[in-house]
Ligand code: SF4
């Protein structure tokens, strides 16, 4: 497709077994491992690296599984540079251990070879419904299933995965990898019901009446924010998450190429500079865009995107416009034709003149504008039930004990929908705590139920004695 970059080929090459073992052997197996401190889910990194260095990927996988349900995904899309790898002591003077690539290697090897067979408990502790099958929902399902809960996931799309399937492009996270991780979770005994939209096909009240003891809302932030720019309603303006979703559907063969908005030769502008903006920009190039300009109102040091993502985007040809905003979008006969970009000058110390503060304006030819400026929760669940309070931006309010419970008893929320940090691993970190909260809550209500049943039994016994 565009510029000789494949739309779907994974950009990062994985390790061979020999490369992985050699890399693992470089690890110092530190007594106080900084890498582990940098991992939001406290992955026991040196322990599994040590097992791998001895040639035991099965043992390594068992250690990883104790903390993570999605290692093949984390190994690819986590912000390693800010987390485990950014904390590795070897990085201070030389090259950090490539922890992400090692995790990916072990998880892929396990996916191919089926290294471990887990002994699972009977599902007798209670029934939990999970709405949404993104990273938070899958983590809750995996953790609770391993602890003896019967878990069912309700997913609105025809296939599970949420943001992992639609929000992250194939070249960063192949969908086969996502499918394989989800199949592993299903093998734990989790059932997944697709094409089930909360608020349309079922409500929270329905789920309770079907006998679920607790319900988890892991529905993320599906409603993109739109900037109030003149011309934002033109045909050629799209939200990044809708654009990426269409590309995923095209990749799967569900829609035609003509339904993907970016065409060969298009001049594309992307507003925003987080990882979704990088994904949209790099995907537009892969679709054959003649040029892709990222427009961001702050500086490179303030961008939310990972440095590695930015570097790769630059290498592929994406241009960056710092301290800049699109202030108008124009059309010619209803067709998007140009954008007006306003750029603030860099501050010069000691110069308080007007010249320094006046932005410059450029009118540039354009065919498409993609907005990647964040998203907020869609309100479908909350608006079709009672008792779940949200803040003024629509994020679900939750409490500390039991962790993650909303203002409605037995209904929990976590990950992005509760306004907690938005990366895959942070959604997982939050979900792990919510899983603990759900387990505590369900155990408590079961205990109360059994206590409340006891007097009847005692009375019977007493009657018998009389
Ligand atoms: Fe190994 Fe680096 Fe972690 Fe030390 S900090 S245990 S060297 S990965």
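The values are calculated or read from the model by the stated rules, or taken from the named source; none is laboratory data. Note that the structure is predicted; figures quoted are calculated from it, not measured. Cβ placement follows ideal geometry from the backbone for every residue including glycine, while neighbour counts extend to all protein chains displayed.
So which residues in the stretch 417-458 are modelled with pLDDT under 80 and part of a helix (DSSP H, G or I)? Listed by number, the residues that qualify are 453, 454, 455, 456, 457, 458.
Name every residue in the stretch 110-132 that is in contact (Cβ under 8 Å) with a residue 60 or more places away in the chain and crowded, with 21+ Cβ neighbours inside 10 Å, in order of residue number. Reasoning before the result, please.
Restricting attention to the stretch 110-132, the residues satisfying the condition of being in contact (Cβ under 8 Å) with a residue 60 or more places away in the chain are 111, 118, 120, 123, 125-132.
Matches in the stretch 110-132: 126, 128, 129, 130, 131, 132.
Here is a yes/no grid of residues against (1) within 17 Å of residue 435 (Cβ to Cβ); (2) in contact (Cβ under 8 Å) with a residue 60 or more places away in the chain; (3) more than 16 Å from the chain's Cα centre (by Cα):
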| position | (1), (2), (3) |
| --- | --- |
| 164 | no, yes, no |
| 176 | no, no, yes |
| 193 | no, no, yes |
| 200 | no, yes, yes |
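For the stretch 77-97, residues that are more than 11 Å from the ligand (Cβ to nearest atom), in contact (Cβ under 8 Å) with a residue 24 or more places away in the chain and either in the same structural domain as residue 180 (by TED's automatic domain parsing) or surrounded by fewer than 19 Cβ atoms within 10 Å (Cβ to Cβ) (or both) total 2.
Kindly state which helices (runs of 4 or more DSSP H) lie completely within the stretch 15-75 and contain at least 1 residues that are within 13 Å of the ligand (Cβ to nearest atom) and farther than 17 Å from residue 107 by Cα.
17-25, 34-37
For the stretch 262-271, the criterion of a residue being touching a strand residue (DSSP E or B) at 6+ places or on another chain (Cβ under 7 Å), surrounded by fewer than 24 Cβ atoms within 10 Å (Cβ to Cβ) and not in a loop (DSSP other than H, G, I, E, B) is satisfied by at least one position.
The one condition from (1) part of a helix (DSSP H, G or I); (2) modelled with pLDDT of 95 or more; (3) loosely packed, with under 15 Cβ neighbours inside 10 Å that residue 285 does not meet is (3).
Within the stretch 398-416, the set of residues being surrounded by fewer than 24 Cβ atoms within 10 Å (Cβ to Cβ) and touching a helix residue (DSSP H, G or I) at 6+ places or on another chain (Cβ under 8 Å) comprises 401, 402, 403, 405, 408, 410. Cβ separations smaller than 7 Å between residues 6+ apart or across chains give the following pairs from the stretch 21-32 residues that are closer than 14 Å to residue 47 by Cβ to residues that are part of a loop (DSSP other than H, G, I, E, B) and near the ligand (Cβ under 10 Å from one of its atoms): 27/97; 28/89; 30/89.
Scanning the stretch 98-118 for residues that are in contact with a helix residue (DSSP H, G or I) (Cβ under 7 Å, 6 or more places away or on another chain), closer than 19 Å to residue 61 by Cα, more than 16 Å from the ligand (Cβ to nearest atom) and in a loop (DSSP other than H, G, I, E, B) turns up at least one hit.
Which residues, counting only those in the stretch 375-403, are under 28 Å from residue 272 (Cβ atoms), modelled with pLDDT of 85 or more and part of a loop (DSSP other than H, G, I, E, B)? Even if it seems obvious, please write down each step before you answer.
From the stretch 375-403, those under 28 Å from residue 272 (Cβ atoms) are 375-383, 390-398; that's our starting set.
Narrowing the set further to residues that are modelled with pLDDT of 85 or more leaves 390-391, 395-398.
Listed by number, the residues that qualify are 391, 395, 397, 398.
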